[in-house]
Amino acid sequence: MKLSVFFDHILQAAEQTGKSLAELLDEVKSAGIDGVEINMTYLCEHEEALDLLRKTELCVSCVYEFYEMDKRDEKEKAEKHVETALKAGAGKILVVPGFLSEEEAREMKECVSDYGKTADFLNGNRKALRMAEGLTYVTALGSDAGIAVTVEDFDDARSPISCVNGLLWFFRQIPQLKGTFDTGNFIIHGEDVLAVWDLLRDRIVHVHCKDRGAESVAVGDGYIPVEAVLGRLRESGYEGYLAIEHFDAASQESCIRKSAEFLRSRIAV
């Protein structure tokens with residue numbers, strides 16, 4: 001297993017410390033991190049970022065982007081997303097397809113613990129069906145280009161993929177769609193991250209390592225059983241990236257270093 005980190009965290013560390021991106025990227029590399037997760041829009045607007053990453057010998061582990069597939073045709077964005085991943089040398093992209101209304105989210109929340117009820121809700125929801133249609137398109141594009149298209153358990157109750165049964169519904173609609181497993185997000189519906197791993201493992205090609213505490217914390221400092229998840233990953237033969245994630249940490253520089261130390265010590269077992 002290899003480590004990556006969200007590029008946003010490095011940008012925030014630059015703001016917090018006054019250090020240059022080049023200096024912080026050197027620190028990231030020295031911490032045993034091999035790649036970054038980077039936003040498509042940011043990368044398109046800051047093409048110099050790729051040069052900085054290459055100079056530091058950091059790769060792009062995944063390119064992520066937010067969509068509004070629930071509202072509009074996003075084919076042009078999907079095409080740009082795949083094109084950007086190819087340019088960056090990334091083998092995976094993460095798509096956040098869209099969101100339900102607050103009222104729809106409340107209705108879905110009542111049935112998330114039951115797959116049949118969740119499927120009935122999503123089959124009858126126009127926004128979910130539009131998202132499935134959009135994901136089908138981008139997944140086909142990715143397949144043709146050799147790019148794995150993934151969705152994650154997004155931590156917003158308005159997301160139809162914020163729970164395991166929502167994810168399973170999308171996976172069953174779109175056989176080629178893959179999963180990014182976020183260790184810290186199933187908690188929003190009170191779902192057991194280890195039990196969920198057992199249900200989703202065959203579709204998972206990427207992992208976000210996120211812990212939870214009263215505030216944003218380094219991986220290993222919260223209450224999510226990250227170490228136990230890593231054990232399941234080892235048992236399954238997972239050899240992909242573990243992407244360090246702790247948005248809005250008070251000290252991104254120290255959290256990145258501490259997260260990397262924790263993960264490196266555990267995957268070396």
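The values are calculated or read from the model by the stated rules, or taken from the named source; none is laboratory data. Model, not experiment: these values are computed from the prediction. Cβ coordinates were reconstructed from backbone atoms using ideal geometry, including for glycine residues, and neighbour counts include every protein chain displayed. These accessible areas exclude ligands, DNA and RNA; they are computed on the full protein's heavy atoms, side chains included. Shrake-Rupley method; radii C 1.70, N 1.55, O 1.52, S 1.80 Å.
With (1) over 17 Å from LEU100 (Cα atoms); (2) assigned to a loop (DSSP other than H, G, I, E, B); (3) open to solvent by 10 Å² or more (accessible area, probe 1.4 Å) as the list, and ASP144 as the residue in question, which single condition is left unmet?
It is condition (2) that ASP144 fails.
Pick out the one residue from GLU65, GLU15, GLU37 that is acidic (Asp, Glu) and out of contact with any strand residue (DSSP E or B) (no Cβ under 7 Å at 6 or more places or on another chain). Explain how you work it out, then say what you get.
On the way: GLU65 fails: out of contact with any strand residue (DSSP E or B) (no Cβ under 7 Å at 6 or more places or on another chain); GLU37 fails: out of contact with any strand residue (DSSP E or B) (no Cβ under 7 Å at 6 or more places or on another chain).
Matching residue, one of GLU65, GLU15, GLU37: GLU15.
Looking only at the range 126-136, filter to residues that are of a type outside the set (D, E, K, R) and crowded, with 18+ Cβ neighbours inside 10 Å; which one of those is farthest from GLU79 (Cα to Cα)?
Step one: list which residues in the range 126-136 are of a type outside the set (D, E, K, R), which gives 128-129, 131-132, 134-136.
Next, only the ones that are crowded, with 18+ Cβ neighbours inside 10 Å stay: 128, 131-132, 134-135.
Working: ALA128: 21, MET131: 16, ALA132: 16, GLY134: 11, LEU135: 12 Å.
Across the range 126-136, the extreme among qualifying residues is ALA128.
For residues that are among the hydrophobic types (A, V, I, L, M, F, W, C) and without any contact (Cβ under 8 Å) to a residue 24 or more places away in the chain, scanning just the range 194-238, find the one that is farthest from ALA268 (Cα to Cα). Step through it out loud before you land on a result.
Just the residues of the range 194-238 that are among the hydrophobic types (A, V, I, L, M, F, W, C), to begin with: 194-197, 199-200, 204-205, 207, 209, 214, 217-219, 224, 226, 228-230, 233.
Still in the running and without any contact (Cβ under 8 Å) to a residue 24 or more places away in the chain: 195, 214.
Details: ALA195: 24, ALA214: 29 Å.
That would be ALA214.
A quick yes/no check of all residues on (1) among the hydrophobic types (A, V, I, L, M, F, W, C); (2) buried (at least 21 other Cβ atoms within 10 Å of the Cβ); (3) in contact with a Gly (Cβ under 6 Å, 6 or more places away or on another chain); (4) under 16 Å from ALA14 (Cβ atoms):
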residue	(1), (2), (3), (4)
GLU227	no, no, no, no
LEU230	yes, yes, no, no
LEU242	yes, yes, no, no
SER251	no, no, no, yes
ILE256	yes, yes, no, yes
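Give just the number: which of (1) among the acidic types (Asp, Glu); (2) farther than 30 Å from ILE267 by Cβ; (3) buried (at least 23 other Cβ atoms within 10 Å of the Cβ) does GLU37 not satisfy?
So GLU37 meets the others, but not (2).
State the number of residues belonging to the range 197-225 that are open to solvent by less than 40 Å² (accessible area, probe 1.4 Å) and within 29 Å of ARG172 (Cβ to Cβ). Steps first, answer last, please.
The first filter runs over the range 197-225 and keeps only residues open to solvent by less than 40 Å² (accessible area, probe 1.4 Å), leaving 197, 200, 204, 206-211, 213, 217-220, 222, 224.
Imposing the further condition that a residue be within 29 Å of ARG172 (Cβ to Cβ) reduces the set to 197, 200, 204, 206-210, 224.
Residues flagged as open to solvent by less than 40 Å² (accessible area, probe 1.4 Å) and within 29 Å of ARG172 (Cβ to Cβ) within the range 197-225 amount to 9.
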